[in-house]
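Peer 1: The following block contains the structure, expressed as structure tokens.
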Amino acid sequence: MRALLSPESSSLYFTSINIVSRDPNPCRSRTSLYFLKRDGGCRLIRRKTRSTAVKALLDSATIEELGLKESDMRNPAISSTYRRSMLPKPNQTVLEAQARICTGPTQTRPLSEEQAFKVLDTILRSVRGELKDEEQVSKAQIGAFFAGMTIRANSFPEETQWSEGERRAMNLFWPLLLRALPPDVIFIADPEGSIMGLGNSVGPQFIGKGTTEMRLVGALREILAGGHLGYEEVQGVLKDVLPLKFEDGKSTGVSESLLSAFLIGQRMNRETDRELKAYCLAFDDELGPAPVADVNSLTHYGEPYDGNTRFFRSTLFVAAVRSCYGESSLLHGVEWMPPKVSVTEEQMLNFMGANTNLSLHQAKKLIEDEEVGFAYLSQREARPSLYSLIGLREHIKKRPPLATTEKVQQFIRAKGKESIVTGFYHEGYEEPLLMLMKRRGVYSGLVVKGEEGALSMTTRLRSASTSKGFPVNYCSGFRSVGTETACKEDGVSHQSFRLEVNAMDYGFEPTDTPRTDRSVSKNIELGLAALHGQKGPAYDRIVLNAGIVDHLLGCDGAEDVTIALDRAREAIDSGKALKKLLNYIKVSHKLK
């Protein structure tokens, strides 16, 4: 037997998804969903388009039983349509520039002279009131853009500092901008009055309005110089400014320019461990102590909140599988999040008719329910303060520190062992993520370089032209020494490991990852077909990610990876995993 590590009844259900096609590649075939009604009859529902609503999956009797309202059934199939219509859209010209310059010391791509002229002209015309509606450049965009320019000028290596074209454009536009920009933006663009060379006194003298902005401005002076903050400084700023309050789409509290500069500036400077800890733990007490679920094991799944754009996202279906043998899971995320704005678990659950407005205590009940055994929590319900930043994050364009730390949360605790699993993409973030997990005091932790930075491992062959950095399926993690849940005190001993999982070593045939291309319904079709027992790439990925994760986390009964994979297959082939998922849809609407 091979091992990766040395051991130290619902009325709502689907029949099998019939694939009737001569296509030798069944995973590309169109599917027909057969829904069994309570009287034993069978109604065929053919999916002619990917945008079929929840009604196409559930009959009217079931809709009534679950308490769904027709008016609530807004379930578009394409992930990008989940964006809230009341959010003001960013200016695309400036947003494209932010994507180039509001990033790290080695990733930044300086603007050409033509690009810089276009961006600065757009900003100038916007602040003068010459642009309307979606053409306007938001305060958050202006703050992020000038923060990026300032940090590059002050602390970036020569190759990612200002280009000659950027400097010529700024020399031309700055005298005009100086007369048009508000004081907070002039401060961000030239905090010491030394970058532009015009003897600007606004930046050095700016202190902000009120105690909240004064604290923020003080922190920004350090950040804009390329420096770092202490744990208490970061937490103090976050707790001062959040949640954001809006009227007519505009913030009524702290300056959006200052806040966006703060968030993107810390990411550009590459956050220290103490800064990441501050972001991770800042709002743990927002809703009071975390509920404690009476379960022996609980895994917190931290998928990237902005979703998957291209490939099958398997974690929801993995959670249903693992619940069949007592491994409870808590998934968390949002309906829609920049910058990817793609498929998320909340979109899938919405599409299938589940209740995604659960409180922490309702989610705890689902985890404890033997007929379900897993739960999903929206950041909207679990961390309202952080959720209030979604609109601002779209206008920042690049991921802020929260994109890392929101994946390492413990919204619900457990009486038994707790574990955290999350994904990463950029090299250098795997160790900070594991550090945050250890800070959480969990028994075991695992980071996976999955496709698109998600936590799902794949069965596809490794490309011969793999770029530098860790390959897909690279895993790093730890398990606490001993059988008890790890303590929070310093000095806890951990067994660490690093490895690359080769699925072929465990009997999986190499297959390309199924594509979903932002389609929520396609992701669901693949997952449901797999839970019906249809063998293929989606089935293999669910089995692989359930069994390997069980083994690496040190779950009971998974000491031998082959046995761990076999029990995941049995959970699917027996129909238990599908029933768990469908129980979730039903029970989530009955919780009080």
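Peer 1: Take the residues in the stretch 418-442 that are of a type in the set (Ser, Thr, Tyr) and surrounded by fewer than 24 Cβ atoms within 10 Å (Cβ to Cβ); name whichever of them is nearest to LEU276 (Cα to Cα).
Peer 2: Out of the qualifying residues, it is TYR429.
Peer 1: Exactly one condition in (1) more than 30 Å from LYS417 (Cα to Cα); (2) open to solvent by less than 20 Å² (accessible area, probe 1.4 Å) is false for HIS300; which is it?
Peer 2: Of (1) more than 30 Å from LYS417 (Cα to Cα); (2) open to solvent by less than 20 Å² (accessible area, probe 1.4 Å), only one is false for HIS300: (1).
Peer 1: Still on this model: Return only the number of the condition from (1) surrounded by 23 or more Cβ atoms within 10 Å (Cβ to Cβ); (2) not in a helix (DSSP H, G or I) that VAL549 does not satisfy.
Peer 2: Here VAL549 meets the rest and fails (2).
Peer 1: Let me ask you something else. Taking the stretch 386-417, which residues are among the hydroxyl-bearing types (Ser, Thr, Tyr) and open to solvent by less than 20 Å² (accessible area, probe 1.4 Å)?
Peer 2: Result: THR404, THR405.
Peer 1: Additional query: Given SER444, SER463, SER456, which one is in contact with a Phe, Trp or Tyr (Cβ under 7 Å, 6 or more places away or on another chain) and either under 25 Å from ASN269 (Cβ atoms) or among the polar types (S, T, N, Q) (or both)?
Peer 2: Sole residue among the options that is in contact with a Phe, Trp or Tyr (Cβ under 7 Å, 6 or more places away or on another chain) and either under 25 Å from ASN269 (Cβ atoms) or among the polar types (S, T, N, Q) (or both): SER444.
Peer 1: So TYR425 ticks every box in (1) part of a helix (DSSP H, G or I); (2) at pLDDT below 95 but one. Which box is left unticked?
Peer 2: Exception for TYR425: condition (1).
Peer 1: Condition first: of a type in the set (Val, Ile, Thr), assigned to a helix (DSSP H, G or I) and within 21 Å of ARG393 (Cα to Cα). Can you find one or more residues in the stretch 84-96 that meet it?
Peer 2: yes
Peer 1: Identify all residues within the stretch 439-477 that are of a type in the set (D, E, K, R), in contact with a strand residue (DSSP E or B) (Cβ under 7 Å, 6 or more places away or on another chain) and at negative phi; write none if there are none.
Peer 2: Hits for the stretch 439-477 are ARG440, LYS449, GLU451.
Peer 1: One residue is enough: does the stretch 309-318 have a residue meeting the conditions outside the structural domain of LEU389 (by the TED database), closer than 21 Å to PHE411 by Cα and among the hydroxyl-bearing types (Ser, Thr, Tyr)?
Peer 2: No, that holds for no residue.
Peer 1: Residues that are farther than 18 Å from PRO432 by Cβ, at least 2 per element: which helices (runs of 4 or more DSSP H) completely within the stretch 219-323 meet that? Please lay out each step first, then the result.
Peer 2: Details: elements: 231-241, 256-268, 273-281, 315-322.
Once the helices (runs of 4 or more DSSP H) in the stretch 219-323 are filtered for at least 2 residues that are farther than 18 Å from PRO432 by Cβ, what remains is 231-241, 256-268, 315-322.
Peer 1: Can you tell me which residues in the stretch 527-546 are of a type in the set (Lys, Arg) and crowded, with 24+ Cβ neighbours inside 10 Å?
Peer 2: The one that is of a type in the set (Lys, Arg) and crowded, with 24+ Cβ neighbours inside 10 Å: ARG541.
Peer 1: Filter the stretch 478-493 for residues that are at pLDDT 60 or above and either on the phi > 0 side of the Ramachandran plot or outside the structural domain of ASP512 (by the TED database) (or both) and give the result.
Peer 2: Matches in the stretch 478-493: GLY482 only.
Peer 1: Of the residues VAL119, VAL137, only one is outside any helix (DSSP H, G or I) and assigned by the TED database to the domain that holds SER257; which? Explain how you work it out, then say what you get.
Peer 2: On the way: VAL119 fails: outside any helix (DSSP H, G or I).
VAL137 is the lone residue from the list that is outside any helix (DSSP H, G or I) and assigned by the TED database to the domain that holds SER257.
One line per residue, one yes/no per condition, for (1) within 22 Å of LEU528 (Cα to Cα); (2) crowded, with 24+ Cβ neighbours inside 10 Å:
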{"position": "PHE312", "(1), (2)": "yes, yes"}
{"position": "ALA319", "(1), (2)": "yes, yes"}
{"position": "SER328", "(1), (2)": "yes, yes"}
{"position": "MET337", "(1), (2)": "no, yes"}
{"position": "GLN347", "(1), (2)": "yes, yes"}
{"position": "ASN355", "(1), (2)": "yes, no"}
{"position": "LEU366", "(1), (2)": "yes, yes"}
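Peer 1: Next question, about the same structure. Among the residues of the stretch 176-201, which ones are in a helix (DSSP H, G or I) and either within 13 Å of THR150 (Cβ to Cβ) or open to solvent by less than 50 Å² (accessible area, probe 1.4 Å) (or both)? Give the derivation first.
Peer 2: Applying the first criterion (in a helix (DSSP H, G or I)) to the stretch 176-201 yields 176-180, 183-189.
LEU177, ALA180, ASP184, VAL185, ILE186, PHE187, ILE188, ALA189 - these are the residues of the stretch 176-201 that are in a helix (DSSP H, G or I) and either within 13 Å of THR150 (Cβ to Cβ) or open to solvent by less than 50 Å² (accessible area, probe 1.4 Å) (or both).
Peer 1: Now for a separate question. Being part of a helix (DSSP H, G or I), at pLDDT 95 or above and either open to solvent by less than 40 Å² (accessible area, probe 1.4 Å) or not hydroxyl-bearing (Ser, Thr, Tyr) (or both), is that true of even one residue in the stretch 127-134?
Peer 2: Looking for residues that are part of a helix (DSSP H, G or I), at pLDDT 95 or above and either open to solvent by less than 40 Å² (accessible area, probe 1.4 Å) or not hydroxyl-bearing (Ser, Thr, Tyr) (or both), one finds at least one in the stretch 127-134, hence yes.
The values are calculated or read from the model by the stated rules, or taken from the named source; none is laboratory data. Everything quoted here is computed from the prediction, not taken from an experiment. Note that each Cβ is placed from the backbone with ideal geometry, even for glycine, and that neighbours are counted across all protein chains shown. We work out accessible area using only protein heavy atoms, side chains counted, and drop any ligands, DNA or RNA first. Shrake-Rupley method; radii C 1.70, N 1.55, O 1.52, S 1.80 Å.
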